[in-house]
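Below you'll find the structure, written out as structure tokens, and then a few comments.
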Amino acid sequence: MIQVDEKETIRRLYFIKRHSIRQIAEELHHSRKTVRKAIADASVPQYRLTAPKPSPVMGPYMNKVMEWLEADKSRPVKQRHTAHRIYKRLVGECGFTGAERTVREHVSKLKQRFTEMAIPLEFDPGADAQCDWGEAQVCMTGEIINTQVLCMKLSYSGRPFVMAFPTQRQEAFFEGQRQAFEWYEGVPARISYDNLTTAVRKVLPGRNREEQKAFIAFRSHYLFESHFATPAQPQEQGRVESLVGYMRRNYFVPMPEVTSFDELNRILLTRLQEDDGRSATGKEMTIGAVWEAEKSRLLPLPRFPYRCCVSRPVQANRLSLVVFDNHRYSVPVEYGFSKLTLYAYAWRIEIACGDRVIAAHRRRYGKEPDAMEVEHYLPLLRRRPGAFPYAKPVRQWKMPEVYQEFYETLSRNHNGDGVREFLQVLVMGRYHGRELLERAMSQALAENRVDSERIRQLITGTGTAGANQGTSRDYLGYTRG
């Protein structure tokens, strides 16, 4: 192959000195074909292989690698061969002795054959968003755990939203989107998803889907349109796939050390606010500025947010516990063996009898202990005060400081046995509210009149703490009729 300076010599002889192609070929010892090519094209010569180079190391294994890559086309994207996995299989199954770098170079070239070309897309303000789950690790209370991160991205402004959950269940899927809509101060007209089982019950031929009824209700509440990607085509979700990677690299590096999901999501919200200052892709404005322009084109938020929960019929057992998702939650003993309805939100559990909520708990995940409230067992404890020190709800109870001081004072006044009196006081709080009970305890301690009768006077209004308190609330904080 001639060099660019040799090309220049040929072209000067031909165009300036008017030598014939034959003369130039004889003088410079090139073929006439080479001379004609130089005359026709002055660019830097590019080397082109006329036949593939032999590969003595990989050659015998190329057909096998091609078989694996071809089979990958029908498998989920996240379960396809990586170059490292191909290297491991070649070594273990085929006796390959070459280097992993050799395999990587050849696999990279082969995968180009399986890459489909794509069309660049552009969306109008407020017209589209993409949503999907990602996974990231955090250190929570000293333990490294995997968190599920719901990611959404507006297709016009590129404004992201992320929120971490312990699970990808439907209630978390809905809650994350509800929070995203409030973050955007509006709802995109269309949202594109992968074929999530929380939204899609069955993938039908073409673009048809049999959707989950709960997802249809959620979509109907916010009035957006849904769009589902073609199976095994991640490029259709390119914006949110990019956000998942960006989120891991920028929001979770270094690994956050937190005590709860509340703390983690506050950190993520701060990162999102900082990202509003980044330049928007393809625009001479920041992401926040483009979103401000897009905001008016989003669908308005409904008057009330969607109730992001799943409901299940449950029945309390003889321990006054109902079971959901392998965790047990207490209800008042009066509802033992009753047929109830449990509402599971991403962060809390509510249990209702008819239309009245009778118990509310923080939702448990993983290996967390059962959720038991002392107030739920007070009628039984009053009848069996000897069980008070051994009752599991009591042992799990983080007794407030004023309760602890009041109980210890009662015990001293009753020669170490103030349980019966203390239980009578707790029952008053069950019906009049914890806040009022704590104020009455504090006043009784200040007066050095620590007994149930003084608490009754203060709560019912015959003492100063209970006077003019207005409508009282029960121990769950719900208004009593």
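Below are the figures for this structure:
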item: Strands (runs of 3 or more DSSP E) contained entirely in region 128-170, each with at least 3 residues that are surrounded by fewer than 23 Cβ atoms within 10 Å (Cβ to Cβ); result: 129-140, 143-154
item: Any hit, region 94-101, residues being loosely packed, with under 14 Cβ neighbours inside 10 Å and under 20 Å from Tyr365 (Cβ atoms); result: no
item: Neighbours by Cβ (under 6 Å, 6+ apart or cross-chain): first from region 402-418, over 15 Å from Arg434 (Cβ atoms); second in a loop (DSSP other than H, G, I, E, B) and not hydrophobic (A, V, I, L, M, F, W, C); result: Leu410/Gly418; Ser411/Gly418
item: Residue under evaluation Ser55, criteria (1) closer than 30 Å to Val107 by Cα; (2) without any contact (Cβ under 8 Å) to a residue 24 or more places away in the chain; (3) surrounded by 10 or more Cβ atoms within 10 Å (Cβ to Cβ), criterion not met; result: (2)
item: Filter result for the condition that a residue is at pLDDT below 90 and outside any loop (DSSP other than H, G, I, E, B), over Lys53, Lys7, Lys64, Lys88; result: Lys7
item: Residue match in region 354-363 (condition: over 30 Å from Ser220 (Cα atoms) and either of a type outside the set (S, T, N, Q) or exposed (fewer than 13 other Cβ atoms within 10 Å of the Cβ) (or both)); result: no
item: Positions within region 296-339 being modelled with pLDDT of 95 or more, among the basic types (Lys, Arg) and either touching a Gly at 6+ places or on another chain (Cβ under 8 Å) or more than 27 Å from Phe174 (Cα to Cα) (or both), in sequence order; result: Arg297
item: Hey, Glu294 among the acidic types (Asp, Glu) and part of a loop (DSSP other than H, G, I, E, B) or not; result: no
item: Qualifying residue in region 220-227 (condition: under 20 Å from Pro256 (Cβ atoms) and outside the structural domain of Arg348 (by TED's automatic domain parsing)); result: no
item: Residue tally, condition assigned to a helix (DSSP H, G or I) and under 19 Å from the mean Cα position of the chain (by Cα), over region 255-291; result: 14
item: In region 366-407, residue nearest to Gly429 (Cα to Cα) [restricted to those that are surrounded by 15 or more Cβ atoms within 10 Å (Cβ to Cβ) and under 33 Å from the mean Cα position of the chain (by Cα)]; result: Glu373
item: Check on Ala71, among the small types (Gly, Ala, Ser), under 20 Å from Arg113 (Cβ atoms) and part of a helix (DSSP H, G or I); result: yes
item: Extreme residue, nearest to Gly433 (Cα to Cα), among residues of region 357-392 that are of a type in the set (Lys, Arg), free of Cβ contacts under 8 Å to residues at least 40 places away in the same chain and not in a loop (DSSP other than H, G, I, E, B); result: Arg362
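The values are calculated or read from the model by the stated rules, or taken from the named source; none is laboratory data. The shown structure was predicted, so the numbers you read here are calculated from the model rather than taken from an experiment. With ideal geometry, Cβ positions are generated from the backbone for all residues, glycine too; neighbour counts draw on all protein chains shown.
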